[in-house]
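Participant: I'd like to ask you about the structure that follows.
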Amino acid sequence: MEYVFFIILGALISVLSGFFGVGGGFILTPTLMLFGFSPVEAITTSLLFSIGTSLSGIFAHIRLKNIKLKQGLILGLSGMAATQAAHPFVLFLENKGWDTWAVPVFYIILLSYFALSMLKRREKSANAVHSSEHSPSILKMVLIGFFAGFVSTTLGVGGGFIMVPLSVAYLGLMPKNAVGTSLFAVMLIVSAGFLSYVSTVSIDYWIGLSLVGGGLIGSQFGAKLTSYFENDEITYMLGALYMATVASVILKLIHLNYAGLVLMAIFVGGFLVRSLVKMQKAKARIKAKRERP
């Protein structure tokens, strides 16, 4: 039953991964810590999970033509280089005994910033946000990829939760393209990050593979859901997801683990209900068009 639970958990998180292009790790890492995993164990397990969900989500977004290959390669390769600097940093924190508070604090700071930036960005017009889409700067892509890669390996996340909002804000990508391109870059980054940890950290691979198994199912569904939402809706909901995750990490720090789990469950449940309503409305519109004489 334990592994069945982790399969279901992996499926639910990967739906969000495929929809938002965030790899799923930034949700899974704090969730595993809520269940009692050490920070380093949670980071390594989340990186393994992110490999599976990112790879699965990539195929779905290829069909939807959401991936910018050039931008994805530059972001991914620069992020892979950053993983080699981040791994020793995390081991340093663990050796000092600082990882139990430093990792959650990093989460709170970064997610709070990106939550506010995504919610504010929704208020701007689409033309203002994406005016530079035709010529994204290579230097900006390298800096964003390096930063995302460093954070990915430090926190056990895919890096997509950083890459998506920065790609929208500074590279001029439309949110749907930012999601697909981010997943491609994330796959490269998390693979390098996981290989840097696996030689020194022992994890339960059955739990990891159970999460990945569920993730392979959910990420396809999540990617498909993007076709039912407008770009500004995706931006707003991503900001709300960041805020929910920040609140759950804060609750973990004050030893209210179950409250944090309940909060995340409420967000995921609300997201799934809203998505199902969108799907039903879309199917109803298609059916009505077919029935017209």
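Participant: Using the basic label-point model (7 angstrom from Cα toward the beta carbon), what is the Glu291 to Ser38 distance in nanometres?
Facilitator: For the pair Glu291/Ser38, the computed spacing is 6.1 nm.
Participant: If you don't mind, another one. So for region 178-293, if I pair up every lysine 8 or more residues apart or on another chain, how many of those pairs have alpha-carbons under 18 Å apart?
Facilitator: Values: Lys224/Lys278; Lys224/Lys281; Lys224/Lys283; Lys278/Lys287; Lys278/Lys289; Lys281/Lys289.
Taking region 178-293 as the scope, the lysine pair count is 6.
Participant: Rounded to the nearest 0.05, what FRET efficiency do Asp204 and Ile8 have when you use their Cβ-Cβ distance and R0 = 25 Å? Before the final figure, lay out each step's value.
Facilitator: Working: r = 17 Å, r/R0 = 0.67.
Using R0 = 25 Å, I get an efficiency of 0.90.
Participant: For the chain, take the longest principal axis of its alpha carbons; what is the angle in degrees between that and the long axis of helix 69-96, to the nearest 10 within 0 to 90?
Facilitator: Compared with the principal axis, the helix lies near 30 degrees.
Participant: For region 196-293, just run the numbers: alpha carbon Rg, then divide by 2.2 N^0.38 Å, N being how many residues it has. All intermediate terms of the calculation are to be shown ahead of the outcome.
Facilitator: Working: Rg = 18.6 Å, N = 98, 2.2 N^0.38 = 12.6 Å.
That works out to 1.48 for region 196-293.
Participant: Also, quick follow-up: At 7 Å along the Cα-to-beta-carbon direction for both Leu195 and Ala259, put a label point, then send me their distance in nm to one decimal.
Facilitator: Result: 4.3 nm between the two label points.
Participant: Report P(r) for region 44-117: all Cα-Cα distances, bin width 5 Å, range 0 to the bin holding the largest distance, values in whole percent.
Facilitator: So the P(r) values, bin by bin, are 3, 11, 12, 19, 22, 18, 8, 4, 2, 0.
Participant: Then there's this: By what distance, in whole Å, do the Cα atoms of the chain stretch along each of the three principal axes, largest value first?
Facilitator: Principal axes ranked by extent give 70, 47, 31 Å for the Cα atoms.
Participant: Distance from the Cα centre of region 234-253 to that of region 254-279, in angstrom?
Facilitator: So the separation of the two Cα centres works out to 10 Å.
Participant: Right, next: With an 8 Å Cα cut-off and a minimum separation of 6 or more residues, compute the relative contact order for region 162-283 in percent. Write out the running numbers ahead of the final one.
Facilitator: Numbers: 44 pairs, mean separation 25.0, N = 122.
So the answer I get is 20 percent.
Participant: Relative contact order (percent) for the chain, with alpha-carbon contacts under 8 angstrom and 6 or more residues of separation? Please list the in-between numbers first.
Facilitator: Numbers: 498 pairs, mean separation 104.8, N = 293.
Over the chain, the number comes to 36 percent.
Participant: Still on this model: Taking a label point 7 Å from the Cα of Ile108 along the Cα→Cβ vector, which residues of region 242-260 have an amide N closer than 13 Å to it?
Facilitator: Correct set: 246-256.
Participant: Okay, helix-only estimate at 222 nm for the chain: each DSSP H run of n ≥ 4 adds -39500 (n - 2.57), divide by all residues, round to 500 deg cm²/dmol; what do you get? List each step's numbers first, then the result.
Facilitator: Working: 12 runs with 241 residues, N = 293.
The per-residue figure over the chain is -28500 deg cm²/dmol.
Participant: What angle, in degrees between 0 and 90 and rounded to the nearest 10, separates the Cα long axis of helix 138-155 from the longest principal axis of the Cα atoms of the chain?
Facilitator: That helix lies at roughly 50 degrees to the long axis.
Just so you know, all these numbers are worked out from the coordinates, no wet-lab data involved. Just so we're clear, the structure is a prediction, and the values are computed from it rather than from any experiment. Counting neighbours? That spans all protein chains shown, and the Cβs are built from the backbone with ideal geometry, glycine included.
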